[in-house]
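The values are calculated or read from the model by the stated rules, or taken from the named source; none is laboratory data. If you're wondering where the values come from, they're calculated on a predicted model, not measured in any experiment. Positions of Cβ are backbone-derived with ideal geometry, glycine not excepted, and every protein chain shown enters the neighbour counts.
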Amino acid sequence: MMIPRYQSQDALDRRGSIGTLATIFGRFFRFLLPYWDKVLLVVLVGQANALIQLIPPLLSIRIIDEVFPQRNWTLGVYIVLASVGVELFGLYLGIVTGYIWEWLHMFVGYRIQFGFLRHLQKLPLSFLQSRPAGEHLLRATNDPEEISDLMVRTIPDLVVPFQTLAANVAIIAVIKPQLALLALGYVIPFATMQHLFIGWLRNRTKSLVAREQEHQGRFVELIHAFKTTRALNREATERRKLFTTWAREWRASWRAWWIEFFQGAALEHLAFLFSVVALPLLTIRWVIAQQMTPGEYVAAGWIIWRFVEPVEMIVQWFQETRLQLVQGERMLDTLDVKPDVEDDDHTETLPPTIDGRIRLENVSYAYPGGPPVLRNINLTIEPGQRLAVVGPSGAGKSTLLGLVCRFHRPTEGRVLLDGHDINHVRRSSLMRHVGVCLQDTLLLMGTIGENIWYGGIDPSREEIEGAARLAGIHDFVVDLPDGYDTMLGEDGNLSGGQEQRIGLARAIVRDPRVLLLDEVTTSLDPLLHREIGHSLRSVSRGRTVLMVSHSLLDIHDADLICVLNESGEMAQLGRHDELMAATGIYRQMWSDDQREAQA
Ligand SMILES: Nc1ncnc2c1ncn2[C@@H]1O[C@H](COP(=O)(O)OP(=O)(O)OP(=O)(O)O)[C@@H](O)[C@H]1O
Ligand SMILES: [Mg+2]
C-alpha cells in the first residue's frame, strides 16, 4: 500500500518548554474548565500550606531568643503545641489535595481521551491507515493520561513552589535583607544551569519519544501478525526486530538519563555550596558580630532549606514533564489533521425514502500524496439497477466503492445520490440508505446476532434471521449450540466464507435502497458461490446495487458493467452482450476466464 504523506509538525523546535506548555494548556484547557472549582481549591490549599509552613521557623526564633534566656517552660510548651498543630494541619491539607488531584487527573484524562477518539473517528481513512496502529494506540491511551497529569500537576507543582519561594524570600528579607540578596545569588546561576540542561535534554527527549513510538508500533504489529509469523515460522525474526527497536529506545533513554543525572548532580552541588558553605559562614559571622540573634541564625538556616526545596521541585517538574510535553505535541499533531468531511457543516438530510439513483460526475481520486487512482469517471445507475465493476487488481474498484459510501472524498467531481451530493449529506442519513459489505469483513466482539445488527437499535429477531437467510448463513447459525447468541472473538472463530456471509447479512439487515458489495463471493466454494449468487440476485431485487467482483460469471447478467483499466480509467461500459460484441478488455477477460475454466 502506498503511504500517503501527512506532514508532522516539529513545533517543539520552534517553541521552548514554556511555549509548548502554554500551547498545550491553551489547546486542552477546555477539558479542565468543567472542574475549575476543584482546580482553584487545589491552588488555594497549596497556597495555604505553603504559608503555614513558614510558621515553625518563626517559632524557632522565639524558642532560642526568648524561651532559653528566660527559662520560660510554659511558652516553650505553647510553641511546641503550635508547631504540632501546624504540621498536622499541613499533613491533612496534603491528603485532601492528593485526593482532589487524583480525582481531577482521572476525569480530565477521560475527557481528553474521548475528545481525542471522537476526533480520530472523523479523520480521513487514508490518514488513519497511513500510520501504524501502535502509534494511534499510544496517542489514544497513553498520551491523554499524560496530558491530564501534566495539566493537573503543573498547577500545584509549579505554581505552589513559586509561591513558597516568594514567601520565603519575603520572610528572609524581613529577618535580614542581605540574606535575601544571597538567595537571589543562588537562584540566578541555578536558573542559568537549568536552562542549559533543558536545552540539551529537549532533543534527547524527542528522539526518545520517537523510539518509543517505533517500538510500540512494532509491538502491535507483532501481536496482529501472530498467525502470519507462525505460518512463515518467523517468530524469532519478529522478536529480533522487536529487540532492535527496544535497544534503540533503551539507548535513547539512557542518553537522556545521563543528562538528567548530570543536571541533578550539578544542581545538588550548587544547593550544597549555597546552604552548607556560603550561608553558614556568613550567618555565623553576623551572629558573632551581633548583627543577628542566634534565634535568627537558626530560623535563617531553616528557611533556606525550605527555599532550596521549592527550587528542587521546579527542577523536578521540568524533568518529569519533558516527556509529557513531547507527548502533548504528538497528540496535537494528530488533532491538527482536519477531518475529511466535516459532518457538522452539512445539514442536508436525505428523505426517509429515496429512489436510489447514483451518479458519478467526472470523479477522480488520488490517495493523499499518491498518484491518481481513479480518473474522470462518469456513470449513472438508475434505481433498481445492478452495476458491476470489474478490472485488474489494483485498478481502483474498491476505491470507487469507497467513494460512494464516503470513505473518501473525490479529489475532483461529485458523487450524487438522488441528485444530492453525498458529501453534503449527513453521514447518518446517508448510511441509513446504503448497505455496505466490504472485501474484508470485520467481525466485532459480540454475538452473531449483534454482529449482524451492528450499529442498529432495538434488533428484531425476524429481521436478523431474514437477513441471515438471504445471505445463506441462517442454517449454519441455528445449528450452533448457542445459535444467534454464539459469541465471536475479535479475530472471529468462523471460516472466511462464514464471516463474509455475516458481513453480507449485516449489509442488508436494515433494508437499504442502495447496496455496495465488494467481492462478497470471493472466499466461497463453488456450491455456496452458486447459492449466494441466487441470494444476491434476490437481495438485489428492488435495490440499486454496485458490486465489485473478480468472477465474471457472477456479474454477466448485471444491468451495466463498468470496466476499469490499470490506470483507473473507465475503459468500457455496457451490458455483457454489448461488451462481448466490442473488442476490448472485457472480451479479453472473459476469454481468459473461459480458458482457465477449461484448463
Ligand atoms: N489506503 C490507501 N492509501 C494509499 N493507496 C491506496 C490505499 N488503498 C489502496 N491504494 C492504492 O490504490 C489503488 C487501487 O486500490 P483498490 O483497493 O481500489 O484496488 P482494487 O481494484 O479494489 O484491487 P483488488 O481487485 O485487488 O481488490 C492501488 O494501486 C492501491 O495500491
Ligand atoms: Mg478491492
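Values for this structure:
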{"quantity": "Selection count where residues are more than 17 Å from Val514 (Cα to Cα) and either part of a helix (DSSP H, G or I) or more than 16 Å from ligand 2 (Cβ to nearest atom) (or both), scope region 539-554", "calculated": "3"}
{"quantity": "Test set (1) surrounded by fewer than 17 Cβ atoms within 10 Å (Cβ to Cβ); (2) touching a His at 6+ places or on another chain (Cβ under 9 Å) - Gly419 fails condition number", "calculated": "(2)"}
{"quantity": "Some residue of region 222-233 being in a helix (DSSP H, G or I) and touching a Leu at 6+ places or on another chain (Cβ under 7 Å)", "calculated": "yes"}
{"quantity": "Criterion (assigned by TED's automatic domain parsing to the domain that holds Leu44, within 14 Å of Asp149 (Cβ to Cβ), part of a helix (DSSP H, G or I) and touching an Asp or Glu at 6+ places or on another chain (Cβ under 6 Å)) met by exactly one of Gly98, Gly109", "calculated": "Gly109"}
{"quantity": "Breaking point among (1) assigned by TED's automatic domain parsing to the domain that holds Val390; (2) more than 16 Å from ligand 1 (Cβ to nearest atom); (3) touching a His at 6+ places or on another chain (Cβ under 8 Å), for Thr521", "calculated": "(2)"}
{"quantity": "Failed item, numbered, when Arg71 is tested on (1) modelled with pLDDT of 90 or more; (2) in contact with a helix residue (DSSP H, G or I) (Cβ under 6 Å, 6 or more places away or on another chain)", "calculated": "(2)"}
{"quantity": "Test: Val373 is closer than 21 Å to Leu438 by Cα, out of contact with any Gly (no Cβ under 6 Å at 6 or more places or on another chain), within 16 Å of ligand 2 (Cβ to nearest atom) and in a strand (DSSP E or B)", "calculated": "no"}
{"quantity": "Pairs, first closer than 20 Å to Leu524 by Cα in region 543-555, second part of a loop (DSSP other than H, G, I, E, B) and within 14 Å of ligand 1 (Cβ to nearest atom), C-beta under 7 Å, six or more apart", "calculated": "Val548/Glu519; Ser549/Glu519; Ser549/Thr521; His550/Glu519; His550/Thr522; Ser551/Thr521; Asp554/Thr521; Ile555/Ser549"}
{"quantity": "Pick from region 404-436, criterion part of a helix (DSSP H, G or I) and of a type outside the set (A, V, I, L, M, F, W, C), ranking: farthest from Thr349 (Cα to Cα)", "calculated": "Asn423"}
{"quantity": "Residue check for Arg541: within 30 Å of Val363 (Cα to Cα), away from ligand 1 (no atom under 16 Å from the Cβ) and either hydrophobic (A, V, I, L, M, F, W, C) or at pLDDT 90 or above (or both)", "calculated": "no"}
{"quantity": "Every residue from region 520-536 that is closer than 13 Å to Ile555 by Cα and aliphatic (A, V, I, L, M)", "calculated": "Val520, Ile532, Leu536"}
{"quantity": "Residue match in region 423-435 (condition: at pLDDT below 90, in contact with a strand residue (DSSP E or B) (Cβ under 6 Å, 6 or more places away or on another chain) and of a type outside the set (S, T, N, Q))", "calculated": "yes"}
{"quantity": "Qualifying positions in region 113-140 - among the hydrophobic types (A, V, I, L, M, F, W, C) and under 15 Å from Asp336 (Cα atoms)", "calculated": "Phe116, Leu117, Leu120, Leu123, Phe127, Leu128, Ala140"}
{"quantity": "Sole exception among (1) modelled with pLDDT of 80 or more; (2) within 16 Å of ligand 2 (Cβ to nearest atom) for Ala582, by number", "calculated": "(2)"}
{"quantity": "Region 382-403: number of residues that are within 16 Å of ligand 2 (Cβ to nearest atom) and in a loop (DSSP other than H, G, I, E, B)", "calculated": "6"}
{"quantity": "Of the criteria (1) within 16 Å of ligand 1 (Cβ to nearest atom); (2) among the β-branched types (Val, Ile, Thr); (3) part of a helix (DSSP H, G or I), which one Val477 fails", "calculated": "(1)"}
{"quantity": "Flag for Thr229 being surrounded by 13 or more Cβ atoms within 10 Å (Cβ to Cβ) and over 27 Å from Thr20 (Cβ atoms)", "calculated": "yes"}
{"quantity": "Of all residues in region 460-516 being closer than 30 Å to Leu417 by Cα and among the acidic types (Asp, Glu), the one that is nearest to the chain's Cα centre (by Cα)", "calculated": "Glu499"}
{"quantity": "First in region 587-598 and assigned by TED's automatic domain parsing to the domain that holds Val389, second anywhere and surrounded by 11 or more Cβ atoms within 10 Å (Cβ to Cβ) and of a type outside the set (Phe, Trp, Tyr), Cβ under 7 Å, 6 or more apart", "calculated": "Arg587/Leu579; Arg587/Met580; Met589/Val390; Met589/Leu552; Trp590/Leu552; Trp590/Met580; Asp593/Leu552"}
{"quantity": "Inter-residue pairs, beta-carbon under 9 Å, first more than 16 Å from ligand 2 (Cβ to nearest atom) and in region 420-440, second of a type outside the set (A, V, I, L, M) and in a helix (DSSP H, G or I), 6+ apart", "calculated": "His424/Asp345; Arg426/Asp343; Arg427/Asp343; Ser428/Asp343; Gly435/Arg506"}
{"quantity": "Answer residue from region 555-579, given it is away from ligand 2 (no atom under 16 Å from the Cβ) and in a helix (DSSP H, G or I) and is surrounded by the fewest Cβ atoms within 10 Å (Cβ to Cβ) among those", "calculated": "Asp577"}
{"quantity": "So Leu137, is it away from ligand 2 (no atom under 16 Å from the Cβ) and either aromatic (Phe, Trp, Tyr) or under 24 Å from Arg218 (Cα atoms) (or both)", "calculated": "yes"}
{"quantity": "Pair list, Cβ < 6 Å and 6+ apart or interchain, from region 518-538 residues that are assigned to a helix (DSSP H, G or I) to residues that are modelled with pLDDT under 75 and within 16 Å of ligand 2 (Cβ to nearest atom)", "calculated": "none"}
{"quantity": "Options Leu360, Leu403, Leu374; residue that is free of Cβ contacts under 8 Å to residues at least 60 places away in the same chain, within 12 Å of ligand 1 (Cβ to nearest atom) and either of a type in the set (A, V, I, L, M, F, W, C) or in contact with a His (Cβ under 8 Å, 6 or more places away or on another chain) (or both)", "calculated": "Leu403"}
